[in-house]
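Below: one structure, written as structure tokens.
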Amino acid sequence: MRRRMIDHLRREGAMSLSKLARPFRMKLTTALLHTRILERSGIILTHQQGRVRGCVSHKAALHELADLFE
């Protein structure tokens, strides 16, 4: 699930948590759990603005991961 979330963020760019969760048909609490794990690992960045949590992939971290697997 997290790999698909990362891929969706990478392809579509920055988006709200609710927009990120929509294609996977998951509740916001579940999506928040996954995004917190990804954020702690440094793969995505999130920011809170009012009631909206924005998510974006951290490109430098993704490149580092890709280098590790090559």
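The values are calculated or read from the model by the stated rules, or taken from the named source; none is laboratory data. Predicted, not measured: the structure shown is a model, and the values here were computed from it. Cβ sites come from the backbone with ideal geometry, for glycine too, and all protein chains shown count toward neighbours. Heavy atoms of the whole protein, side chains included, go into the accessibility calculation; ligands, DNA and RNA do not. Shrake-Rupley method; radii C 1.70, N 1.55, O 1.52, S 1.80 Å.
Miscellaneous remarks
- Scanning region 17-31 turns up at least one residue that is open to solvent by 90 Å² or more (accessible area, probe 1.4 Å) and β-branched (Val, Ile, Thr).
- Of the residues examined, Arg2 is not one that is modelled with pLDDT of 95 or more, out of contact with any Cys (no Cβ under 9 Å at 6 or more places or on another chain) and not aromatic (Phe, Trp, Tyr).
- Of the residues making up region 35-61, those that are assigned to a helix (DSSP H, G or I), of a type outside the set (Ser, Thr, Tyr) and touching a strand residue (DSSP E or B) at 6+ places or on another chain (Cβ under 9 Å) are Arg36, Leu38, Glu39, Ala61.
- Close pairs (9 angstrom Cβ cut-off, 6 or more residues apart or separate chains): closer than 16 Å to Lys59 by Cα in region 1-21, among the basic types (Lys, Arg) and assigned to a helix (DSSP H, G or I) anywhere: Arg10/Lys59; Glu12/Lys19
- In the set (1) loosely packed, with under 13 Cβ neighbours inside 10 Å; (2) closer than 27 Å to Asp67 by Cα; (3) not acidic (Asp, Glu), the condition left unmet by Gly50 is number (2).
- Flag for Arg25 being without any contact (Cβ under 8 Å) to a residue 12 or more places away in the chain and on the phi > 0 side of the Ramachandran plot: yes
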